Amino acid sequence: MKRRFLAVSDTSAATLTCCSLFVLSRLFNCPAIIMPSNSNWEDEEHTSKFMRKAKESPFVPIGMAGCLAIVAFGLYKLKSRGDTKMSVHLIHMRVGAQGFVVGAMTLGVAYSMYREYLAPKDSGNDSK
């Protein structure tokens, strides 16, 4: 008699709770096995992965750096806020950081649209 297993990829297992995996395994009368979603993945260091992602979409690290800079500046100015309430100061800091990130995302989308649709495409055929 063949043994059946309920194979679930790790990406879908992240969305399923342990309880629902248990219910599914009982429903199909077989144990659940979580399999990796990509079996031929490469070991990639975090720095090289970050550099590759930064080259693909350069405005993401710019948005991250700007958000961190605004939060750091807001925390630095926290002690000299005067009569401003703490909650108002934190809300202004959050709005500034979110505005910078949304602006960087908008520029990133505009840049990717330019690169995809408007930039001249190199066909690779040099006729010289």
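Tabulated results
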| item | result |
| --- | --- |
| Length released on extending from L68 to E116, taking residue separation times 0.36 nm less the Cα-Cα span | 14.3 nm |
| Value of D in µm² per second that Stokes-Einstein yields for the stretch 56-118, Kirkwood Rh from Cα pairs, at 20 °C (1.002 mPa s) | 166 |
| Net +/- balance of residues flanking H89 in space, Cβ distance below 9 Å, scoring K and R +1, D and E -1 | +3 |
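Each reported figure results from applying straightforward, stated rules to the coordinates on display, with no laboratory input. Quick caveat: nothing in here was measured; it's all calculated off a predicted structure. A quick note on method: Cβ atoms are made from the backbone with ideal geometry, for glycine too, and the neighbour counts reach across all protein chains shown.
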